[in-house]
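> Have a look at this one.
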Amino acid sequence: MKDISYSLFFAFLILLSGCKQKGEDKNYSPTEEISRQPTGPQYTARYDRTKPVEMIDVESAISTSSDVRLSEVASTIEYFQVGDDKYPVTDVVAVDGGFIALNQPKLYLYRQGQKRKRVGLKTKYGDWKDYISGNNLFYDKATTKLYVLLKKLDPETGYSDKFIVELPPLDSVLARTHYLYADSLPNRYVLKNWAEIFTSEMYLRRFNYPGTGFDHGVTTFNLKNDTICNFYAGIDSFGIIKDDNFYNFTLYNTSYLYDNKPTFSATYCDTVYRLSDHQTIVPVYNIHLGKYKASATYVFNKGDKRNKAWVDDLKENPKGVFLKVHREGKSSKSGWLDNKNKENRDFPSEDYLMVYLKNKRQTRALPLKATGMTNDLDGGLPFWPDGQTDEYMYMIRPAKDLKQRIKLTGSPKQESLKKFLSDLPDNQNVMIVIK
């Protein structure tokens, strides 16, 4: 009887010890407790063409020059000090009453007229994903939770695991006295693929046309890696592709969230699409390149890209669409015979800033030397967006640019700007936000 009692006692200690170790393991996550096989597509894509697609006429605008006033696309402007170059701002999301900015690797909350406040997520610089387009942050207004996309190097494989972490509601995160570590958070969603853009419900990645490097559409996944839907968009059929075919192509695409709806364009595709729900894709803009268009088939079959144009970047707010358009210049294949043909003479590559004004349905190209739209809101710097979040657009510039380039005229509309500049340290970067 005594032996049985001792056996039960030691079994209880072992069980208690095991539970304690599991609870204290900072790498333990309930999301990894149950291994599951992701499911296939849950929906079949529907294409909604009930609304006319708006045309952004790049072909006509590219040979013109027109000033665009900032007041045509915005009615307010605000300024925020966002630190020095040691921790540059790479992402911004709008939250209630302010903005959360990723001063990589730190997160800060910025509110007008208040000191910035550290958001308590603790991670290393290398844990963040560097993006050409897409987002590292997503804020869910309904739950006030912040979601962050991170990566972590696996020393055994040499590859990085990628995951989306869900932080607690914002007020509780700001009230904490201790940092949150990504590996210790209970809602950590390990991804099988990189998320180009994501929300609290899904993430999106591109897929290529077979045998090429051209993106052919996007696939959406939920945070458990189940496939939600495949959306085919972009290039037409290439026909038979030879294995020995060599092609020199430039990848350009863009993606962003507009009203929390994934919006994207594909390389060598002139349509901008928006996902209105889990299975519906809507063509919203046609970027008309006309004679400057280089189709995927043309480029794949070694067509000369000289005098062809493509959109390098695309952003949007409720009043306008903002494009950076590249026009290819001198060809590496050019020779003395080419110069006999006026249309084929060499010229330098050119980059255009263009604005599509939604209410007027006009496409305007800024003068080639312009750095942005004329700031008639307060006479500050010309404005061109570095990024967008909800209905806001922002650009980030060094304090010295503002101090050297802004001319204070004594105008009443410059009162706030004048006060901001008087209190602005020289070593700061400034985030300029319009709405």
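The values are calculated or read from the model by the stated rules, or taken from the named source; none is laboratory data. Values in this document were obtained by computation on a predicted structure and should not be read as measured data. Here the Cβ is made from the backbone with ideal geometry for all residues, glycine too, and neighbour counts use every protein chain on show. Side chains included, ligands, DNA and RNA excluded: accessible areas come from the protein's heavy atoms. Shrake-Rupley method; radii C 1.70, N 1.55, O 1.52, S 1.80 Å.
> Compute the acute angle (0 to 90°) between the alpha-carbon long axis of helix 2-24 and the principal axis of greatest extent of the alpha-carbon atoms of the chain; round to the nearest 10°.
20 degrees
> May I ask you to compute the full-extension gain from residue 358 to residue 232, defined as 0.36 nm times their residue separation minus their alpha-carbon distance, rounded to one decimal in nm? Display every interim value, and only then the final one.
Values: separation 126, 0.36 × 126 = 45.36 nm, distance 2.65 nm.
Answer, rounded to one decimal: 42.7 nm.
> Give a quick list of trypsin sites (Lys or Arg not before Pro) in region 143-237 that DSSP marks as loop, anything other than H, G, I, E or B, with at most 14 other Cβ atoms within 10 Å.
Sites meeting the loop and neighbour criteria: 176, 192, 224.
> In a Gaussian network model over the chain where Cα atoms closer than 10 Å are linked, find which of 90, 76, 157 has the largest mean-square fluctuation.
Fluctuation is largest for 157.
> Taking 0.36 nm per residue of sequence separation and subtracting the Cα-Cα distance, how much length would be gained by fully extending the chain between residue 140 and residue 403, in nm to one decimal?
Working it through step by step, the gained length comes to 91.0 nm.
> GNM, the chain, Cα, under 10 Å: largest mean-square fluctuation among 373, 395, 354?
Looking only at 373, 395, 354, the largest GNM fluctuation is found for 395.
> Further, regarding this structure: In nm, to one decimal, how far is the residue 75 label point from the residue 371 one, both placed 7 Å along Cα→Cβ?
About 2.9 nm, to one decimal.
> By the scheme Lys and Arg +1, Asp and Glu -1, what is the net charge of all other residues having a beta-carbon under 12 Å from that of residue 167?
Surrounding charge for residue 167 is +1.
> Which residue fluctuates the most in the chain, going by a Gaussian network model with Cα springs under 10 Å, if the choices are 113, 98, 158?
158
> Then there's this: Taking a probe of 1.4 angstrom, what is the accessible area of residue 381 in Å², to the nearest 10?
Looks like 10 Å² after rounding.
> Say each of residue 192 and residue 293 gets a label point 7 Å from the Cα, pointing the same way as Cα to Cβ; how far apart are those two points in nm?
Each label point is offset 7 Å from its Cα along the Cβ direction, giving 3.6 nm.
> Still on this structure, please answer the following. For residue 225 and residue 418 in one chain, what is 0.36 nm times their gap in residues minus the Cα-Cα distance, to one decimal in nm?
64.4 nm
> Under a straight-distance cross-link criterion of Cα-Cα below 14 Å, which aspartates and glutamates are reachable from residue 145, leaving out those fewer than 8 residues away in the same chain?
96, 166, 171, 201
> Still on this structure, please answer the following. Over 32 Å between C-alpha atoms is what I'm after, so list which of 162/319; 293/369; 308/360; 291/315 land there. Present the calculation step by step, with values, prior to reporting the outcome.
On the way: 162/319 35 Å; 293/369 24 Å; 308/360 27 Å; 291/315 24 Å.
Among 162/319; 293/369; 308/360; 291/315, the Cα-Cα distance tops 32 Å for 162/319.
> Quick one: if the Förster radius is 25 Å, what FRET efficiency do residue 96 and residue 122 give, using the C-beta to C-beta distance and rounding to 0.05?
Taking R0 as 25 Å, the efficiency between residue 96 and residue 122 is 0.60.
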